[in-house]
Amino acid sequence: MSPWHRWVDHTSEVQLQVGAESLGGLAAEAGRALGLLLLRGAAAEPAGPPRELAVSSADREALLVDWLNEILFVAETELWVPVEFELREASPIRLRGVVRGVPVEDAPSIVKAATLHGLQVEEREGGLQAEVIFDV
Amino acid sequence: MNETPTTPTLPSVRLNANLVEIPVSARPDMRVPARVWADEELWQQISRDRTLPQLLNVATLPGITGSAQAMPDAHEGYGFPVGGVAAFRARDGVISPGGVGYDINCGVRLLASEVEAAELGRSRLEGIVHDLARSIPSGMGQGSHLRFAKTDLDRVLAEGCSYLAERGLALPEDLKTIEAQGSLAVADPAGVSERAKHRGGGQLGSIGSGNHFVEVQRVETVFDLEAAEALGLWVEQVVILVHTGSRGLGHQVCTDWVRSMDAVMARHGIQLPDRELACAPFESPEGKKYFGAMCAAANFAFSNRQAITYAAREVFRRALGNGGHLRVVYDVAHNMAKLERHGEEDLVVHRKGATRAFGPSHPETPEAYRRIGQPVLIPGSMGTASYVLVGTDEGLGLSFGSTCHGAGRAMSRRAAKKIQSGSEVRKALEDRGIIVRCASAGELAEEAPHAYKDVDRVVEVVHQAGLARKVARLVPLGVIKG
């Protein structure tokens with residue numbers, strides 16, 4: 001399964017559906033989708049040296065949310081929006097990856113947090129799929 | 001995964017023209033019934049998305065009392081519906097970070113000027129709106145023009161607006177007309193992580209993005225002369241409405257504490273239909289620590305609106321000299337959990353996109369407003385009317401002293417953009433004589449008036465239901481968007 005994502009309508013928030021062959025692929029694709037959202041159509045050309053992101057959580061649902069919240073934190077505090085992800089470790093309780101990003105002048109707008117609302121990482125069609133709602 | 005939100009057919013009983021009840025028997029895990037304050041049209045709108053299933057989830061939480069309620073501006077959120085009110089017994093109930101939301105103490109402040117719209121004239125008004133946009137940073141990550149050291153930030157978190165008064169950024173009289181005097185004494189900065197301080201500490205005095213704004217408005221209509229007089233409001237008066245919250249600091253406090261609560265629920269024997277409702281007993285160490293952290297973030301939000309007030313005062317002084325004074329009419333939260341006495345019980349009242357609305361006889365109503373009730377500020381969507389109401393004594397028994405918080409979204413951001421582009425929204429507002437300052441055309445399109453419910457209808461429901469009383473209707477002259 002090639003990684004994919006799409007945004008679906010939600011009355012007040014932003015809702016992401018994402019799929020990939022593996023948990024690492026899912027985290028990479030969800031991260032890429034979030035990065036593109038934060039850039040709001042600006043060029044997603046990574047620049048500068050890569051850096052490592054890592055999170056540990058109780059299970060793979062919390063792990064995906066923590067991963068996305070880490071991306072938000074880095075983007076907002078370091079003015080650097082991650083867009084390319086190479087996952088080096090992806091277990092149900094830990095994600096670690098090398099990430100390349102886009103420097104931005106202003107902290108990116110839009111998203112407050114990724115939420116656990118209704119979140120399930122499901123095995124479907126030979127891969128994993130998830131749906132994440134972001135508070136905006 | 002289903003692209004179209006579905007609402008199961010739920011049993012419901014219309015109790016009166018403005019109230020619908022879903023009985024406790026609707027789902028086996030509900031502990032109390034759910035109540036929705038809505039006329040028939042709003043009820044139909046509210047029933048279209050996942051508001052009701054989310055409200056029923058809230059009705060399952062431990063220690064909930066009375067009913068889980070949704071206000072007429074309610075819509076689906078993530079966990080609690082936006083427009084949700086739930087009260088939990090302090091002795092055996094829970095507190096939920098998701099029930100407060102990521103923008104802790106998002107709220108509204110109304111400032112009254114001493115001038116009328118005609119006195120300002122178009123040219124001077126344009127100058128004021130431009131200067132406000134220049135002086136008050138907007139956009140989500142935009143930092144503050146004020147500089148605070150780390151020790152100052154800890155004092156903001158602990159003391160809120162009283163510390164800003166010490167720094168000369170608030171007048172002593174400002175504090176008398178802010179909810180809780182802008183300073184929640186139980187605030188505990190120790191529960192606010194270094195990450196939260198790093199993320200939002202530099203944002204004091206800024207608006208943020210989304211539906212947050214500063215508007216220059218005109219009092220268009222007064223419905224209740226006595227109350228308007230007590231509030232110092234009159235027809236044609238120029239006022240400023242500030243709508244913002246605790247910025248990145250509050251977002252991170254909630255993120256941190258949803259994670260912490262999620263980890264301890266099993267130990268407390270709590271099972272939930274939705275993990276975003278993560279909670280802990282109010283009296284547990286985790287519950288108490290979150291409450292202290294939430295109150296610290298709330299103090300930051302009160303202070304944020306105070307710092308914006310300081311900047312707005314400077315702008316008015318530059319434009320109007322001694323005639324440019326701005327008085328704080330009131331400042332009220334609409335994302336908060338408060339420990340309140342209701343009857344014989346201490347309750348932890350969660351208002352997620354809902355405004356506290358205490359009546360004249362409530363001890364927390366400011367002294368100056370004891371004849372009329374606590375002011376309730378309802379921001380409209382950008383470019384539409386906003387309202388000033390006052391709480392009622394009757395509302396305490398009906399809705400734990402709560403009312404709506406705005407118009408409430410009616411459609412997604414993507415759907416709103418399909419109807420009108422940002423430049424079309426800007427033109428439509430400017431054609432109505434409204435001055436618009438917003439850097440992002442995308443945000444203008446997402447926050448267009450057609451994306452929201454009819455604020456007049458929403459306010460009419462809470463007025464007719466007796467939850468709050470209409471005092472004045474305000475219309476925009478200039479909009480500064482985050």
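The values are calculated or read from the model by the stated rules, or taken from the named source; none is laboratory data. Values in this document were obtained by computation on a predicted structure and should not be read as measured data. Ideal geometry is used to build each Cβ from the backbone, glycine not excepted, and the neighbour counts take in all protein chains shown. Calculation scope for accessible area: heavy atoms of the full protein, side chains included, ligands and nucleic acids excluded. Shrake-Rupley method; radii C 1.70, N 1.55, O 1.52, S 1.80 Å.
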Quiz item: Of the residues B:ARG147, B:ARG134, B:ARG91, which single one is among the charged types (D, E, K, R) and part of a helix (DSSP H, G or I)?
Solution: B:ARG134
Quiz item: Mind checking which residues of the range B:331-368 are surrounded by 24 or more Cβ atoms within 10 Å (Cβ to Cβ) and either aromatic (Phe, Trp, Tyr) or over 27 Å from B:TYR290 (Cα atoms) (or both)?
Solution: B:PHE358
Exercise. Count, please, the residues in the range B:380-415 that happen to be at pLDDT 95 or above, in a loop (DSSP other than H, G, I, E, B) and within 13 Å of the chain's Cα centre (by Cα).
Key: 2
Quiz item: Only one of (1) assigned to a loop (DSSP other than H, G, I, E, B); (2) within 30 Å of B:SER25 (Cα to Cα) fails for B:ASP103. Which number is that?
Solution: (2)
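Can you name the residue in the range A:123-136 that is open to solvent by 30 Å² or more (accessible area, probe 1.4 Å) and part of a loop (DSSP other than H, G, I, E, B) and is also farthest from the other protein chains (Cβ to nearest Cβ) among such residues? Give the steps one after another, and end with the answer.
First, the residues of the range A:123-136 that are open to solvent by 30 Å² or more (accessible area, probe 1.4 Å): A:123-126, A:131.
Now drop any that are not part of a loop (DSSP other than H, G, I, E, B), which leaves A:125-126.
Numbers: A:GLU125: 12, A:GLY126: 16 Å.
Within the range A:123-136, the match that is farthest from the other protein chains (Cβ to nearest Cβ) is A:GLY126.
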Self-check item: Candidates B:ALA185, B:ALA170, B:ALA190, filtered to the one that is open to solvent by 30 Å² or more (accessible area, probe 1.4 Å), touching a Gly at 6+ places or on another chain (Cβ under 8 Å) and at negative phi
Solution: B:ALA190
Quiz item: Which condition breaks for B:MET71 when tested against (1) open to solvent by less than 10 Å² (accessible area, probe 1.4 Å); (2) within 25 Å of B:ARG259 (Cα to Cα)?
Solution: (2)
Exercise. Considering only the range B:432-482, state which residues are on the phi > 0 side of the Ramachandran plot and open to solvent by 40 Å² or more (accessible area, probe 1.4 Å).
Key: none
Practice problem: Mind listing just one residue for me: the one in the range B:251-299 that is polar (S, T, N, Q) and either over 27 Å from B:ARG27 (Cβ atoms) or open to solvent by less than 40 Å² (accessible area, probe 1.4 Å) (or both) and, of those, nearest to the other protein chains (Cβ to nearest Cβ)? | Solution: B:THR255
Quiz item: Quick one: what pairs do we get from the range A:7-21, first residue within 7 Å of chain B (Cβ to nearest Cβ) and of a type in the set (Gly, Ala, Ser), second buried (at least 18 other Cβ atoms within 10 Å of the Cβ) and assigned to a strand (DSSP E or B), C-beta under 7 Å, 6+ apart or different chains?
Solution: A:SER12/B:HIS75; A:SER12/B:GLU76; A:SER12/B:GLY77; A:SER12/B:VAL82; A:SER12/B:ARG409
Quiz item: Being out of contact with any Pro (no Cβ under 9 Å at 6 or more places or on another chain), closer than 21 Å to B:SER47 by Cα, in a loop (DSSP other than H, G, I, E, B) and within 14 Å of another protein chain (Cβ to nearest Cβ), is that true of even one residue in the range B:416-425?
Solution: no
Exercise. Can you tell me which residue within the range A:48-69, out of those that are out of contact with any strand residue (DSSP E or B) (no Cβ under 6 Å at 6 or more places or on another chain) and assigned to a loop (DSSP other than H, G, I, E, B), is farthest from the other protein chains (Cβ to nearest Cβ)?
Key: A:PRO49
Practice problem: Scan the range A:70-122 residue by residue and report those that are within 13 Å of chain B (Cβ to nearest Cβ) and either farther than 23 Å from B:ARG195 by Cβ or part of a strand (DSSP E or B) (or both). | Solution: A:TRP80, A:VAL81, A:ALA113, A:ALA114, A:GLY118, A:GLN120, A:VAL121, A:GLU122
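Conditions (1) open to solvent by 20 Å² or more (accessible area, probe 1.4 Å); (2) within 27 Å of B:GLU447 (Cα to Cα); (3) within 14 Å of chain A (Cβ to nearest Cβ); (4) touching a His at 6+ places or on another chain (Cβ under 9 Å), marked per residue:
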| residue | (1), (2), (3), (4) |
| --- | --- |
| B:ARG134 | yes, yes, no, no |
| B:ASP154 | yes, no, no, no |
| B:GLY202 | yes, yes, yes, no |
| B:GLY208 | no, yes, yes, no |
| B:VAL216 | no, yes, no, no |
| B:GLU220 | yes, yes, no, no |
Quiz item: If you check B:GLY269 against the conditions, is it small (Gly, Ala, Ser) and at positive phi?
Solution: yes
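Would you tally the residues in the range A:57-110 being at positive phi and either free of Cβ contacts under 8 Å to residues at least 60 places away in the same chain or among the polar types (S, T, N, Q) (or both)?
Taking the range A:57-110 and keeping what is at positive phi, we get A:79, A:110.
Still in the list and also either free of Cβ contacts under 8 Å to residues at least 60 places away in the same chain or among the polar types (S, T, N, Q) (or both): A:79.
Qualifying residue count for the region: 1.
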Quiz prompt | Selection status of B:GLN271, among the polar types (S, T, N, Q) and without any contact (Cβ under 8 Å) to a residue 40 or more places away in the chain | solution = yes
Quiz prompt | Residue in the range B:105-112 that is away from chain A (no Cβ under 14 Å) and surrounded by fewer than 24 Cβ atoms within 10 Å (Cβ to Cβ) present | solution = yes
Quiz prompt | Answer from B:GLU159, B:GLU119 - the residue that is open to solvent by 50 Å² or more (accessible area, probe 1.4 Å) and more than 25 Å from B:ALA196 (Cα to Cα) | solution = B:GLU119
Self-check item: B:LEU56, sole failed condition from (1) open to solvent by less than 10 Å² (accessible area, probe 1.4 Å); (2) farther than 25 Å from B:VAL13 by Cβ; (3) out of contact with any helix residue (DSSP H, G or I) (no Cβ under 6 Å at 6 or more places or on another chain); (4) not in a strand (DSSP E or B)
Solution: (2)
